[in-house]
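The values are calculated or read from the model by the stated rules, or taken from the named source; none is laboratory data. Keep in mind that this is a model prediction, so the values were computed, not measured. Reconstructed Cβ throughout: ideal geometry from the backbone, glycine too, with neighbour counts over all protein chains shown. Surface accessibility is based on the protein's heavy atoms, side chains included, excluding ligands, DNA and RNA. Shrake-Rupley method; radii C 1.70, N 1.55, O 1.52, S 1.80 Å.
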Amino acid sequence: MKIKIRKQVVLSGQVVRIGEVVEASLADANILIGSDLAEVYNEPPEVEQPVKPKRRRKATNDDSKSGD
């Protein structure tokens, strides 16, 4: 279970700092969440960037009278 740490704790022998998101066992996660030291982390949904239309090249003037 992924949890976000609210206060610095030791988890599985490793120091975990505030704001880190870690994978913890269900038992460890329940203890930390119950002690208000962590909260359940829900990954934000991936937002796709809108695709910009490709820029079109201006049409060339093929008129013989224009001088181009």
Mind checking Rg over Rh on the chain, alpha carbons, Kirkwood formula for Rh?
1.72
Given the Cα-Cα distance of M1 and R56 and 0.36 nm per residue of separation, how much length would full extension add, in nm?
14.9 nm
Given unit charges at Cβ for Lys, Arg (+) and Asp, Glu (-), the dipole magnitude of segment 1-45 about its Cα centre in debye, nearest 20, is 140 debye
Taking amide H positions as placed 1.01 Å from N in the peptide plane, with prolines and chain starts having none, which residues 5 or more places from Y41, or on another chain, fall under 5 Å of its amide H?
K2, I3, K4
Relative contact order for the chain, counting Cα pairs under 8 Å that sit 6 or more residues apart, in percent
31 percent
Considering only protein heavy atoms, what is the solvent-accessible area of I33 at a probe of 1.4 Å, reported in Å² to the nearest 10?
60 Å²
Heavy-atom accessible area with a 1.4 angstrom probe orders K58, K4, most exposed first, as K58, K4
